[in-house]
Amino acid sequence: MSRTLLLKNATVVATMDDHGTEIRDGAVLIEGNRIRAVGPSHTLSREADETIDLSGHVLIPGLVNTHHHMFQSLTRALPAAQNAELFDWLDALFPVWANITPEMMTVSAQTAMAELMLSGCTTAADHAYFYVNGGRLEDNIEAASIMGLRYHGVRGAITLGKSQGGLPPDLVVEKDEDAVLKEMQRVVEAHHDASSDAMLQVALGPSSPFTVTPDLMRQSAVLARNLGVRLHTHTAENGKDLAFSQQRYGMTPAQFAEEMNWVGDDVWHAHCVHLDDHGIQLFGRTGTGVAHCPCSNMRLASGHAPIRRMLDNGVRVGLGVDGSASNDGNDLLGEARQAMLVARVRDEDPAALSAREALRLATRGGAEVLGRGDHLGRIQAGYCADLVAWKLDDIAFAGGLSDPLAALLFCAPRRVSLSIVNGKTVVRDGQLTTVELPRLVERHNQLSRILIDGD
Ligand SMILES: [Zn+2]
């Protein structure tokens with residue numbers, strides 16, 4: 001029989017089940033990597049191999065990040081990219097990223113994961129589209145296995161250089177699209193785990209309509225469906241993105257997605273700030289998912305995505321911190337707070353998105369977008385044991401204990417106290433158990449300096 005772990009006496013357990021059940025003085029019994037039972041503490045008093053007393057804690061399902069570019073942690077707050085919109089921001093960063101090494105990929109991914117995990121994230125999708133100097137998706141996969149984070153590696157690509165009408169400089173693109181497709185197939189066959197408790201899945205993700213050819217969009221869609229994996233890209237991010245789509249293809253981004261066969265419940269699109277009504281209805285009807293990235297959308301002045309309208313039209317929505325160079329952080333709980341605030345500003349409606357709705361997007365919403373809704377994103381018997389707890393004596397909660405769950409978003413505490421991923425404790429007493437954080441940060445900063453300054 002598998003090892004058992006009992007979490008008990010939690011001030012409140014938010015299950016995110018279909019009824020939105022919240023249990024006061026709650027307990028969760030974990031057996032191996034699965035949740036076996038959830039209920040009031042007095043009903044789950046059986047002996048376990050290990051018991052953790054969560055008195056004075058709020059316990060929720062692990063947060064799910066649906067869009068990221070982890071390598072960008074190396075170039076946060078870069079002066080040349082601080083005040084630029086998306087296209088100019090990429091213009092400033094592409095030449096810097098041209099010198100990224102495989103070690104930089106691994107260490108920056110570990111750094112991004114560390115910060116994500118300390119903010120409550122237990123599953124993250126990483127849209128890894130940048131391959132230079134021998135880098136491979138394996139560089140990031142290695143980071144996830146060290147950190148103990150549930151990882152969805154998106155094998156992305158940029159192939160359309162400036163000389164072909166694309167945005168990136170020619171020297172950073174993968175020119176041979178047939179080779180890109182072969183590599184996509186290789187990483188899926190080597191690493192994708194289709195099982196319900198998979199710690200590692202692979203998806204395919206040409207970066208955006210302005211960085212790859214329509215042919216690669218179409219062919220990667222065929223390949224993904226042959227291989228049984230998901231598709232991910234950037235869509236309708238800002239005004240220039242819309243203009244590019246109109247000028248080059250004579251279509252809106254949603255029309256382009258449909259034309260490329262990039263709609264369906266196996267596809268999720270990042271940003272969708274300027275998804276029009278046709279697009280919202282199309283995505284709702286087809287089960288197409290959206291990764292909402294409010295911080296990045298504000299940071300790059302891209303606009304505010306119509307999240308309330310998407311939810312009202314049945315669109316699946318999850319949250320993403322986006323790349324660390326346009327956020328410029330990896331704070332997923334903070335992203336959920338921003339989602340709540342931005343929805344209100346956009347619609348000038350204080351009820352546009354409640355704290356509980358934002359938490360739902362951050363947990364089961366994200367799990368559904370990644371195709372894991374049957375096994376992740378809830379505290380429910382049979383689900384994978386991914387859970388996070390915050391300690392309520394943190395200064396951020398002071399005075400906010402009349403509703404600890406809502407206070408998570410309204411008061412924004414900095415760090416989780418406990419994080420369990422797949423039944424394993426990866427954060428205990430606010431500290432990562434899988435890596436020595438100061439050493440990781442020091443190495444990351446050395447590599448960042450080498451990348452930016454060359455020394
Ligand atoms: Zn992105």
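Report, in listed order, any pair from Lys8/Lys391; Lys175/Lys240; Lys182/Lys240 with a Cα-Cα distance greater than 21 Å. From the list (Lys8/Lys391; Lys175/Lys240; Lys182/Lys240), the Cα-Cα distance tops 21 Å for Lys175/Lys240; Lys182/Lys240. Shape class for segment 199-340: rounded, because the ratio a/c of the largest to smallest gyration tensor axis (alpha-carbon atoms, square roots of eigenvalues) is under 1.5.
Taking amide H as placed 1.01 Å from N in the peptide plane, Leu319 has its amide H under 5 Å from the amide H of Thr66, His292, Gly366, each at least 5 places away in sequence or on another chain.
Look at where the Cα atoms of segment 174-217 and of segment 274-309 average out, and the two centres are 23 Å apart. Applying a DSSP loop filter and a limit of 14 other Cβ atoms within 10 Å to the GluC sites (Glu not before Pro) in segment 333-411 leaves Glu348.
Note on Leu401 and Thr425: the model spin-label points, each 7 Å out from Cα along the C-beta direction, lie 2.3 nm apart. Taking segment 211-241 and a reference point 7 angstrom along Cα→Cβ of Val96, no backbone N atom is nearer than 20 Å.
The spacing between segment 430-449 and segment 343-363, judged by their C-alpha centroids, is 34 Å. Taking only protein heavy atoms and a 1.4 Å probe, the accessible area of segment 1-90 is 46% carbon and sulfur. About its Cα centre, the dipole of the chain is roughly 500 debye, where the only charges are +1 on Lys and Arg Cβ and -1 on Asp and Glu Cβ.
Once C-alpha pairs closer than 8 Å and six or more residues apart are averaged by separation and normalised to the residue number of the chain, the relative contact order reads 20 percent.
Remark: relative contact order (segment 91-244) = 21 percent; criterion is Cα-Cα distance under 8 angstrom and separation of 6 or more residues. Within the accessible surface of segment 283-342, defined with a 1.4 Å probe on protein heavy atoms only, the carbon and sulfur portion equals 46 percent.
Atom-type composition of the exposed protein surface of segment 169-240 places 53 percent of the accessible area on carbon and sulfur (1.4 angstrom probe). The relative contact order of segment 1-85, computed from alpha carbon pairs under 8 Å that lie at least 6 residues apart in sequence, is 32 percent.
Taking Cα atoms only, the orientation of helix 239-249 departs from the longest principal axis of the chain by about 50 degrees.
Taking every protein chain into account, the accessible area of segment 324-455 amounts to 41 square angstrom per residue (probe 1.4 Å). Our estimate of slack between Gln246 and Asp88, defined as 0.36 nm per intervening residue step minus the Cα-Cα distance, is 55.0 nm.
Rolling a 1.4 angstrom probe over the protein heavy atoms with all chains in place gives segment 1-87 an accessible area of 39 Å² per residue. Let me check I've understood the local charge: for Arg449, count other residues with C-beta under 14 angstrom from its C-beta, Lys and Arg +1, Asp and Glu -1. What total comes out? Result for the neighbourhood of Arg449: -2. Per-residue ellipticity at 222 nm, computed for the chain from helices alone with -39500 (n - 2.57) per DSSP H run of at least four residues, works out to -10500 deg cm²/dmol.
The values are calculated or read from the model by the stated rules, or taken from the named source; none is laboratory data. Predicted, not measured: the structure shown is a model, and the values here were computed from it. Here the Cβ is made from the backbone with ideal geometry for all residues, glycine too, and neighbour counts use every protein chain on show. Ligands, DNA and RNA are stripped out before the accessible areas are found, and what is left, the full protein with its side chains, is counted by its heavy atoms. Shrake-Rupley method; radii C 1.70, N 1.55, O 1.52, S 1.80 Å.
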